[in-house]
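Down below is the structure, laid out as structure tokens.
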Amino acid sequence: MTPLEQRYRELLRWLPEPARSRWADDMTETYLSVTTDDDPEYAEFGSPSLVDRLDVARLALALRLGAPGASVRAVAAGRTTRLVAAAGTAALAGTSLLGLVSTAWAHDRMPFLPAPDLSGPLLWGPREALLTVLDVLTVALAVCVVRGAAATRLLALVVLAGQLAWTASLPAPPLQLLAALTEAVPLVAAALLPPGVPLRRPWWLLGVAAAPLVGWPFALVPERPVDWLAALGDPVVAWALLSTGAAVVLLLRRRARGPAELAVAVLALATLPGLAARWPYDLGGHHATIVLATVGAAGTALVAGATGLRALAALPADRAPEHP
Amino acid sequence: MITRPLTEPAFFVLAALSDRPRHGYGVIGEVQELSGGRVTLRVGTLYGVLDRLVAEGRVELDREEVHAGRVRRYYRLTGAGRTALEAEVARQEANARAGRARLAARPA
């Protein structure tokens, strides 16, 4: 075995089983035929190119996320990623839609609804414009995830980059960056999704998108009767409590299937940085709700995560059947 | 039964194997020639496609040969693979005919 062949074999260890056993020998032979054409000097000193590494990494990722030919566990991991992307982007789209409606209202662009009486001039600059564009793209992304559109990955990366740029422009970057982590999790999941698979029965996502609206009326009332209820209008608090509720429903099922429990655990875990970013502020009665949401999200991540992982480990490691 | 259209890489891999069995490197070269140099399959892409086509019963192992001290596998089209390729060719021909007919019609 030449050093180059050894290097290609090491690279192909990135592939998950059972695909690695099936294809690694033949892929090595093809890589060597493509790259060296039996050039002895290259066989001694050459190594896989960056393009080859990216090529194998892409195939390994696709197989781990349930591409055709992947194992049953990888298919379950792929479903988990899809659920995180779908529920997470639906949640983000709900707040984005709310942001767009608020912006239109403030700028007197809502038919049949007079503009609010603002005490000062309306702020509108590059940051506000960027946020509005990001809101539109986030709503489009949620639709793309549900439909399995080819543009999903690119759109997710654009929204992620835009969110990071917007966060970096804010006055308190460390805390804001922590909050941005919550939004980054579903965006990264969407960027990993293989295109072409629409979500079946996506109507439950409307409930996820509308979750922050539950507390909105409490936040709008000028004299709040119960202050801690107003915190439910905070999207991150609403998502954390929603994930806890979803975990309770899932754990009451007779048999855990894996992907749903794991997705809820990941989404609950994702809310923790966002909730932690709210802790340093004196929010009066809100604080109790934020503490409750944090404890609930941490417990959900632990219990639902452990249940989901156990269900996943119980699945066979062999190849999943094809679903044409 | 409604069958999904083949992806472009899957179409070219089936087409490359339609006249005789080929090994991985041979398939890459044949696809490049068939597509007039437009499609160059990366090795990872080829084996991702082959994995799927084997699982679907459209491609199977033909034989193994030793080349430069290493085993080289040849793959061949199955009956199901030929049927899928013929269906895809018919679909693309129908699309082309419809497009050509529209192009030939003069705008009103």
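The values are calculated or read from the model by the stated rules, or taken from the named source; none is laboratory data. The structure presented is a predicted model; accordingly, all values stated were derived computationally and were not measured. Note that each Cβ is placed from the backbone with ideal geometry, even for glycine, and that neighbours are counted across all protein chains shown.
Any residue at all in region A:86-97 that's farther than 30 Å from A:R13 by Cα and part of a loop (DSSP other than H, G, I, E, B)? No - not one qualifying residue is present in region A:86-97. Total residues in region A:1-36 satisfying the condition of being of a type in the set (A, V, I, L, M), closer than 30 Å to A:V72 by Cβ and modelled with pLDDT of 85 or more: the figure is 5. For the subset of region B:68-78 comprising residues that are within 14 Å of chain A (Cβ to nearest Cβ) and in contact (Cβ under 8 Å) with a residue 12 or more places away in the chain, which member is farthest from A:T30 (Cα to Cα)? By that ranking, first place goes to B:Y75. Checked against the criterion of being among the charged types (D, E, K, R) and not in a helix (DSSP H, G or I), the candidates A:D135, A:D117 yield just one match: A:D117. How many residues are without any contact (Cβ under 8 Å) to a residue 60 or more places away in the chain and among the acidic types (D, E) when one looks only at region B:79-108? Total meeting the criteria: 2. Checking the conditions here, which among B:A96, B:A90, B:A84 is surrounded by 20 or more Cβ atoms within 10 Å (Cβ to Cβ), farther than 24 Å from A:T28 by Cα and of a type outside the set (S, T, Y)? The unique qualifying residue is B:A84. Would you confirm, using the coordinates I've provided, whether A:L83 is farther than 22 Å from A:A165 by Cβ, within 14 Å of chain B (Cβ to nearest Cβ), within 34 Å of the chain's Cα centre (by Cα) and modelled with pLDDT of 80 or more? When the stated conditions are applied, A:L83 does not pass them.
Being in a helix (DSSP H, G or I), more than 10 Å from chain B (Cβ to nearest Cβ) and of a type in the set (A, V, I, L, M, F, W, C): is that true of A:L54 here? Spelling it out, it is not the case that A:L54 is in a helix (DSSP H, G or I), more than 10 Å from chain B (Cβ to nearest Cβ) and of a type in the set (A, V, I, L, M, F, W, C). If the condition is being closer than 18 Å to B:T78 by Cα and either surrounded by fewer than 23 Cβ atoms within 10 Å (Cβ to Cβ) or more than 9 Å from every other protein chain (Cβ to nearest Cβ) (or both), then region B:32-52 contributes B:V49, B:D51, B:R52. What about B:E64, is it more than 8 Å from chain A (Cβ to nearest Cβ) and modelled with pLDDT of 90 or more? Against the criterion (more than 8 Å from chain A (Cβ to nearest Cβ) and modelled with pLDDT of 90 or more), B:E64 does not qualify.
Scanning region A:231-256 for residues that are outside any helix (DSSP H, G or I) and either surrounded by 22 or more Cβ atoms within 10 Å (Cβ to Cβ) or under 20 Å from the mean Cα position of the chain (by Cα) (or both) yields one hit, A:D234. If you go through region A:72-82 one residue at a time, do you hit one that is among the aliphatic types (A, V, I, L, M), touching a strand residue (DSSP E or B) at 6+ places or on another chain (Cβ under 9 Å), surrounded by fewer than 19 Cβ atoms within 10 Å (Cβ to Cβ) and outside any loop (DSSP other than H, G, I, E, B)? Yes, some residue in region A:72-82 is among the aliphatic types (A, V, I, L, M), touching a strand residue (DSSP E or B) at 6+ places or on another chain (Cβ under 9 Å), surrounded by fewer than 19 Cβ atoms within 10 Å (Cβ to Cβ) and outside any loop (DSSP other than H, G, I, E, B). Being closer than 19 Å to A:R64 by Cβ, within 14 Å of chain B (Cβ to nearest Cβ) and either surrounded by 14 or more Cβ atoms within 10 Å (Cβ to Cβ) or modelled with pLDDT of 90 or more (or both) holds for only one residue in A:A263, A:A320, A:A311, and it is A:A320.
In region A:14-49, the qualifying residues are those that are in a helix (DSSP H, G or I) and within 27 Å of the chain's Cα centre (by Cα), and the one that is nearest to the other protein chains (Cβ to nearest Cβ) is A:A19. Taken together, A:S49, A:S102 contain a single residue that is surrounded by fewer than 14 Cβ atoms within 10 Å (Cβ to Cβ), out of contact with any Gly (no Cβ under 7 Å at 6 or more places or on another chain), within 26 Å of A:G207 (Cβ to Cβ) and among the hydroxyl-bearing types (S, T, Y), which is A:S102. If you check A:A60, A:A19, A:A43 for being closer than 25 Å to A:L193 by Cα, in contact with a Pro (Cβ under 9 Å, 6 or more places away or on another chain) and in contact (Cβ under 8 Å) with a residue 40 or more places away in the chain, only one passes: A:A60.
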